[in-house]
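See structure below.
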Amino acid sequence: MLEMTIHEKACRGCRLCLDVCPTDCFTFNEETQKAVVAKVGNCIACLSCSYICPSGAISHANHHEVQNFYRNIQFSKRMEKFL
């Protein structure tokens with residue numbers, strides 16, 4: 001099962017993770033001014049939040065990474081007859 005963690009001491013409260021998440025996994029705690037993982041079950045492991053976080057506060061575990069085949073030139077050349 002996917003695990004997502006926001007390291008509270010590292011979070012700057014910039015809300016970029018809330019803006020970039022396509023499945024609304026995060027909420028913002030107004031008291032602490034930090035992002036919080038609210039719905040980890042919604043996460044599709046796109047890792048956009050991890051990449052955009054300026055302080056590197058978000059980490060994922062137990063996720064499966066899919067290779068970006070569309071960026072692989074050889075694969076794209078083989079597939080162009082189907083596209």
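The values are calculated or read from the model by the stated rules, or taken from the named source; none is laboratory data. Everything numeric in this text was worked out from a predicted model, so none of it was measured. Ideal geometry is used to build each Cβ from the backbone, glycine not excepted, and the neighbour counts take in all protein chains shown. Note: accessible area is taken over every heavy atom of the protein model, side chains too, but ligands, DNA and RNA are not part of it. Shrake-Rupley method; radii C 1.70, N 1.55, O 1.52, S 1.80 Å.
With each label point set 7 Å from Cα along the Cα-Cβ vector, what nm distance links residue 5 and residue 61?
So the two model labels end up 0.5 nm from each other.
Say each of residue 28 and residue 51 gets a label point 7 Å from the Cα, pointing the same way as Cα to Cβ; how far apart are those two points in nm?
According to this spin-label approximation, the distance is 2.3 nm.
Just the number, please: carbon plus sulfur as a percent of the accessible area of the range 1-44, 1.4 Å probe, no ligands or DNA/RNA counted.
Percent of accessible area from carbon and sulfur atoms in the range 1-44: 49.
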